[in-house]
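Single-structure report; data block below.
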Amino acid sequence: MKDEPAGIDCEVCGAPMVIKMGRYGKFMACSNFPNCTNTKPVQVEIGVPCPNCKDGQVVERRSKKGRLFYGCSNYPDCEFVSWDKPVAKPCPECDKMMVEKKIKDGVKYQCTNCTHAEVHQLEED
Ligand SMILES: [Zn+2]
Ligand SMILES: [Zn+2]
Ligand SMILES: [Zn+2]
């Protein structure tokens, strides 16, 4: 099986990075392995622009304990973080970011600034 190119070069040796599948999901590794063992996490964009810097994209990240959270693709220049998944649509009342919260039979969009919330029930198959 051929490795998928990651589209960036290794900052250690300059060889192209490739996408690998690991125990915790996809990651980038240097194609010069085993001579170079540089790896990087893959940034998964969720299609929501960063509400903090408006320039980056919200990406999935993992804490050292493996817990999923959301940060900015401009990190460390932008320190936006959220444990809840940001929603692409801004709050209709105050125009601030809304986040997705899991509820029993669907998801709830909850504004991070005001009390506005929307319930989206999952459709039964
Ligand atoms: Zn390398
Ligand atoms: Zn940002
Ligand atoms: Zn609001």
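Listed by position, the strands (runs of 3 or more DSSP E) inside region 63-125 whose residues that are surrounded by 16 or more Cβ atoms within 10 Å (Cβ to Cβ), within 13 Å of the chain's Cα centre (by Cα) and not hydrophobic (A, V, I, L, M, F, W, C) number at least 1 are 68-72. Going by what's in this entry, would Ser31 be described as out of contact with any helix residue (DSSP H, G or I) (no Cβ under 8 Å at 6 or more places or on another chain) and surrounded by 15 or more Cβ atoms within 10 Å (Cβ to Cβ)? So Ser31 passes the test. Applying the condition of being small (Gly, Ala, Ser) and touching a strand residue (DSSP E or B) at 6+ places or on another chain (Cβ under 9 Å) to region 40-85 and asking which residue is modelled with the lowest pLDDT yields Ser63.
Please go through region 19-62 and give me each residue that is out of contact with any Pro (no Cβ under 8 Å at 6 or more places or on another chain), in a strand (DSSP E or B) and touching a residue at least 40 places away in the same chain (Cβ under 8 Å), ordered by number. The answer is Gly47, and nothing else. Name the residues in region 1-55 that are of a type in the set (A, V, I, L, M, F, W, C) and within 16 Å of ligand 2 (Cβ to nearest atom), would you? Selection gives Val44, Ile46, Val48, Cys50, Cys53. Taken together, Asp95, Asp77, Asp105 contain a single residue that is of a type outside the set (A, V, I, L, M, F, W, C) and either touching a residue at least 40 places away in the same chain (Cβ under 8 Å) or farther than 21 Å from Asp55 by Cβ (or both), which is Asp105.
The values are calculated or read from the model by the stated rules, or taken from the named source; none is laboratory data. Since we're looking at a predicted model, the values are computed, not measured. Every residue, glycine among them, receives a Cβ derived from its backbone with ideal geometry; neighbour counts consider all protein chains shown.
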